[in-house]
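Below is one structure, written out as structure tokens; comments come after it.
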Amino acid sequence: MSRFVAIIGNTFREGLAKKTIVTILVLNVIIIGFFLLALNIGGNALFLFGHELSGLPDEVLRRFEAAVTAFFYQVSIFIGIFAIASFFPTMQEKGTVDLILSRPMSRFNIFTAKFIGCMLVVFVVMASLVLGTWWVFWVKTGMAHIEYLSTIPIFLLIFLAFMAFIAMVGIITRSTTLSAVLGIFIPFVFSMIFFALHESGILLGDKFWHSIFEFLYWVFPKTPEMTAMNISIIALEPLESSTDPALIIWSTLGFAAFCYAAGAVIFQKRSY
Amino acid sequence: MRVIETADLRKTFRSFEFFGVKRVEALGGVNLSVDKGEIFGLLGPNGAGKTTLVKILLGICYSSRGGAKLFGHSVRRAASRASVGYLPENHKYPTFLKGQQVMRYYAALSGMPLYGRRKRIDELLKLMRMKEWAGTRMGKYSKGMQQRVGMAVAMVADPELLVLDEPTDGVDPIGRKEIRDILLELKAQGKTIFLNSHLLSEVELVCDRIAILNKGKVVTEGSVDALTDVGNTFALELEEPPPGLLEMLQSKGIAVRGDGNGELLVDVPDLAELNAVIDYLRSQSILIRSIRRKRISLEDMFIDVIGKEGGAGVR
């Protein structure tokens, strides 16, 4: 167990040693500080830099939180992928991999501990921002929307799929660049394309292509749907998606499980 | 007790090229065994397969055929590495960690209990003369300093087997001597050491047994004494030998020759014959400064063996 914890701890420390992650944490503080200075409540209205925001304060704040969440998703996933992409390739560098594989620990446990360490880095970065902004909204408006905190588990679920994919690519290619580029293009961009094709139904006329894209839609993580789900939870609005929320979660978890298992098996079999 | 055992160990690397698959045989059936308490040296030219063998023993690389065991466990099982300390040749310790943190990290990875860890780390840093640099990041260490910390990391969990790949690489002469002394001290404690080094003079000073690997095969194996022994040839160093002494001894039927450094090399069938030569020299009032059994250096033996095998490298 102590070996497992040691790898998790070292991965977390490796994350903190990276300038990208330190920069994100500094940006988090700036964003929290920005809301602390900009947001105020007066009478029955919310003010942003002294300008009144139209609507009831509770509704306005929920819309505001939903907009902030949507922005977080777009930016955080991009930055997160770049920040995490190097972890698995670095672990496999000559001279580093020898030191870790020569310990009395199974390769599956090494892979899992590294994976958890990466997720822990993402959790700290994400949770600090969400909890920080939530606290600011609460302090400045007196309204604590617990629904806003759903951003943390939903974001982590999305990132679980991305992390598993990045880990798999990192193990196969041992390249940070490929891990980052493929990590953005394959699960992030493609899931948006498949979502758009699925929702619009423009391929319904062509059975062959429709079934191909429907298959891919179900294989890939449901990033846009999960974001929409999060926003609808915060805004207390019904989910605008043709897919069942449970299926959204399960298919995203399925993608993560497949990539994770593939990465672990390849790591297990490879000679270094 | 056998600590290391390999049986017909083979490794073939495959690389995919434009015109098909290229196969390189790194190990072609290696049979080796190392007993508890030995210092075993693995020698060989570049590309002989030494590092591949070490990597297979430590589960870093998998064999294509054959098997290997550490402490009786197959090397494919993590349990076989429960009491192994390893210093790789081109190690890369996390540069963002300080020397002391690196020690703590690898101590934890080796399964060392938390109790007593700090004391052990302090002792080893002191032993490797790195105590005052314990709070400095690895990224700022020189090659020699990294090597010292690497040695300390390898020893941190007090392993029964130490696998050291070029342990004195980048270390100054005093440091080399210190490392040699540490290895001998560990041997005295009953630890087993598997040493992979190019510095034949160092191997000669510390190893009990050696094996020479060439083109993926063990070409010779044995104790250092046996491999460097050239038979009953003795070197006699004389104080002011008289002119014509060599011819005089040869005329008496003694197989003697000069070694070019002022010493007499005497080939005798037994000690009685050697003593007869000494008696004769003394009867001629020739002063003998020293007598020693003649050996060839490990380096000469290595060059000779590799030369006969037809050079270095993998096939």
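The values are calculated or read from the model by the stated rules, or taken from the named source; none is laboratory data. The structure presented is a predicted model; accordingly, all values stated were derived computationally and were not measured. Positions of Cβ are generated from backbone atoms using ideal geometry, with glycine treated the same way; all protein chains shown enter the neighbour counts.
In table form, for the structure just shown:
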quantity	calculated
Check on residue A:166, surrounded by 22 or more Cβ atoms within 10 Å (Cβ to Cβ), closer than 30 Å to residue B:82 by Cα and of a type in the set (Val, Ile, Thr)	no
Residue in segment B:233-248 that is in a helix (DSSP H, G or I) and among the small types (Gly, Ala, Ser) present	no
Selection from segment B:74-90 of residues that are within 7 Å of chain A (Cβ to nearest Cβ) and either assigned to a helix (DSSP H, G or I) or farther than 14 Å from residue B:155 by Cβ (or both)	B:78, B:79, B:81, B:82, B:88, B:90
Residue match in segment B:232-247 (condition: surrounded by 18 or more Cβ atoms within 10 Å (Cβ to Cβ) and within 14 Å of the chain's Cα centre (by Cα))	no
Selection status of residue B:93, of a type outside the set (Val, Ile, Thr), in a helix (DSSP H, G or I) and either modelled with pLDDT under 90 or surrounded by fewer than 24 Cβ atoms within 10 Å (Cβ to Cβ) (or both)	no
Yes/no for residue B:167 being over 26 Å from residue B:35 (Cα atoms) and either crowded, with 18+ Cβ neighbours inside 10 Å or without any contact (Cβ under 8 Å) to a residue 12 or more places away in the chain (or both)	no
Scan of segment A:140-163 for residues that are free of Cβ contacts under 8 Å to residues at least 40 places away in the same chain and either surrounded by fewer than 15 Cβ atoms within 10 Å (Cβ to Cβ) or among the small types (Gly, Ala, Ser) (or both), ordered by number	A:144, A:146, A:153
Residues of segment B:96-142 that turn out to be within 10 Å of chain A (Cβ to nearest Cβ), closer than 20 Å to residue A:1 by Cβ, among the aromatic types (Phe, Trp, Tyr) and part of a loop (DSSP other than H, G, I, E, B), as a count	0
Test for residue A:102: is it without any contact (Cβ under 8 Å) to a residue 24 or more places away in the chain and either within 14 Å of chain B (Cβ to nearest Cβ) or closer than 22 Å to residue A:259 by Cβ (or both)	yes
Selection within segment A:213-272 - aliphatic (A, V, I, L, M), under 30 Å from residue B:76 (Cβ atoms) and within 16 Å of the chain's Cα centre (by Cα)	A:256, A:257
In segment B:61-73, residue farthest from the other protein chains (Cβ to nearest Cβ) [restricted to those that are out of contact with any Ser or Thr (no Cβ under 6 Å at 6 or more places or on another chain) and without any contact (Cβ under 8 Å) to a residue 60 or more places away in the chain]	B:65
Qualifying residue in segment A:110-122 (condition: in contact with a strand residue (DSSP E or B) (Cβ under 9 Å, 6 or more places away or on another chain) and either surrounded by 22 or more Cβ atoms within 10 Å (Cβ to Cβ) or over 27 Å from residue A:172 (Cβ atoms) (or both))	no
Residue check for residue B:252: over 18 Å from residue B:89 (Cα atoms) and either surrounded by 13 or more Cβ atoms within 10 Å (Cβ to Cβ) or touching a Ser or Thr at 6+ places or on another chain (Cβ under 6 Å) (or both)	no
Scan of segment B:111-139 for residues that are over 28 Å from residue B:177 (Cβ atoms) and in contact with a Pro (Cβ under 8 Å, 6 or more places away or on another chain), ordered by number	B:111
Restricting segment A:236-246 to residues that are of a type in the set (A, V, I, L, M, F, W, C) and loosely packed, with under 13 Cβ neighbours inside 10 Å, the residue that is modelled with the lowest pLDDT	A:236
Residue A:113 vs. criteria in a helix (DSSP H, G or I), modelled with pLDDT of 90 or more and within 13 Å of the chain's Cα centre (by Cα)	no
Segments classed as strands (runs of 3 or more DSSP E), wholly inside segment A:1-97, with at least 2 members that are touching a residue at least 24 places away in the same chain (Cβ under 8 Å), more than 14 Å from chain B (Cβ to nearest Cβ) and more than 20 Å from residue A:110 (Cα to Cα)	A:39-42
First in segment B:82-100 and over 13 Å from residue B:194 (Cβ atoms) and not assigned by TED's automatic domain parsing to the domain that holds residue B:134, second anywhere and in a loop (DSSP other than H, G, I, E, B) and modelled with pLDDT under 90, Cβ under 9 Å, 6 or more apart	none
Matching residues in segment A:214-224 - criterion: being among the hydrophobic types (A, V, I, L, M, F, W, C) and surrounded by fewer than 17 Cβ atoms within 10 Å (Cβ to Cβ)	A:215, A:216, A:218, A:219
Residue in segment B:205-212 that is in a loop (DSSP other than H, G, I, E, B) and at pLDDT below 90 present	no
Options B:46, B:31: the member that is touching a His at 6+ places or on another chain (Cβ under 9 Å) and surrounded by fewer than 23 Cβ atoms within 10 Å (Cβ to Cβ)	B:46
